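> Sending over a structure as structure tokens; questions will come in a sec.
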Amino acid sequence: MLFSVDEFRAWKNKRVTLLGMSGVGKTHLSGILRGQGWFHYSSDYRIGTRYLDEPILDLVKQQAMDVPFLRDLLRRDWIYIHNNIRIDDLGPVLSYIGKPGDPERGGVSLEDFRRRQARYHDAEVAAMYDVPEFIRKAERIYGYRNFINDVGGSLCELADPEPVRLLIEHTLMLYIQITDHAEEEELIRRLQSAPKPLYYRPEFLDEQLAIYLDENNLQYAAQMDPDGFTRWIFPRLFHSRIPRYEAIAEPRGYTVTSQEVSQIRDESDFLELLEAAIARK
């Protein structure tokens, strides 16, 4: 959706999608707005609790069945395993996606990793198709006036353009851009040390795998250090996504900087920033 400042001010039920790299502050900002009466829709939470819940639990059960004591309890239905994902802690999704590399060092075989990536992609598409229904629920069932859509950093990677078109139709797209080099380096460092679930376009992953194997004189992905590969590829993923975010925001949304977002303390600050972004477009 595109607005004039006056049209935005008159928009009774505001609906905003936050676009940007993981770690840029989307969930933190959403938390501020949630505390001030906005409905917070987290795509990663929806993915983990709805679309990947069963695969996550199946993976955990598969590991548990290797332990004789737990295997007996599970087969007798004396215990059950529950996915305890939280909006601010995506550990179960991260554990399911895994990292490609040497299984002896906690890695996932390339075949399994690609399969999980495809499932993660499909789950994100499904979660985006759910947004219009959650907008309806937020307003008509729960009585929320405003809606914040906290999407994963990989929205720009989806092969199907329809989810993005759907979000543009139902929400204002707001891209949070990092313009400071030092901040960019800090974000990369932080996410390298505390990774979040990441989706890689298949062609991007194949290209980067070939480069990594060649640089490290390795023949197979199963020889890779999983953590080492993830730290190596993240900066490349980060920079590959920037033009993709811009391609969404430039014609069909608005852009603010991460520095501007860091100054937001309440709903009033957020609305003022949106008006400024609309005015300067």
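Derivation of every value follows stated rules applied to the coordinates shown; laboratory data play no part. Since the structure is predicted, the reported quantities are computational estimates derived from the model, not experimental observations. All Cβ positions, even for glycine, are placed from backbone atoms using ideal geometry, and neighbour counts span all protein chains on display.
> Amide H of Leu19 versus every other amide H placed in the peptide plane: which residues, excluding those fewer than 5 positions away on the same chain, fall under 5 Å?
The list, which skips near neighbours in sequence, is Leu174, Tyr175, Ile176.
> To the nearest Å, what is the center-to-center distance of the stretch 1-65 and the stretch 147-168, using C-alpha atoms only?
11
> Additional query: Of all beta bridges DSSP finds with both residues in the stretch 5-271, what is the antiparallel percent, to the nearest 5?
So the antiparallel bridges in the stretch 5-271 amount to around 5 percent.
> Based on DSSP H runs of at least 4 residues, each adding -39500 (n - 2.57), what is the mean residue ellipticity at 222 nm of the chain after dividing by all its residues, to the nearest 500 deg cm²/dmol?
When only DSSP H runs of four or more count, the value is -17000 deg cm²/dmol.
> Can you order the peptides 62-73, 170-181, 18-29 by their average number of other Cβ atoms within 10 Å per residue, highest first?
18-29, 170-181, 62-73
> Follow-up. Using modelled amide H (1.01 Å from N, peptide plane; none on Pro or chain starts), what sits under 5 Å from the amide H of Phe39, excluding residues fewer than 5 places away?
Those lying under 5 Å, H to H, from Phe39 are Asn146, Phe147, Ile148.
> Name the shape class, rounded, prolate or oblate, that the alpha-carbon gyration tensor gives for the chain, where a ≥ b ≥ c are the square roots of its eigenvalues, rounded holds for a/c under 1.5, and otherwise prolate holds if a/b is larger than b/c and oblate otherwise.
Note, shape of the chain comes out oblate.
> Let me ask something else about it. Given +1 on the Cβ of Lys and Arg, -1 on the Cβ of Asp and Glu, and no further charges, what dipole in debye does the chain carry about its Cα centre, rounded to the nearest 20?
So the dipole magnitude of the chain works out to roughly 840 debye.
> How many angstrom lie between the Cα centre of the stretch 179-197 and the Cα centre of the stretch 75-92?
Computed from Cα coordinates, the inter-centre distance equals 29 Å.
> Taking only pairs that are 8 or more places apart or on different chains, how many Lys pairs in the stretch 5-271 have Cα atoms under 20 angstrom apart?
Lysine pair count for the stretch 5-271: 6.
> At a threshold of 8 angstrom on Cα-Cα distance, excluding pairs fewer than six apart, so keeping six or more, what relative contact order does the stretch 5-271 reach in percent?
33 percent.
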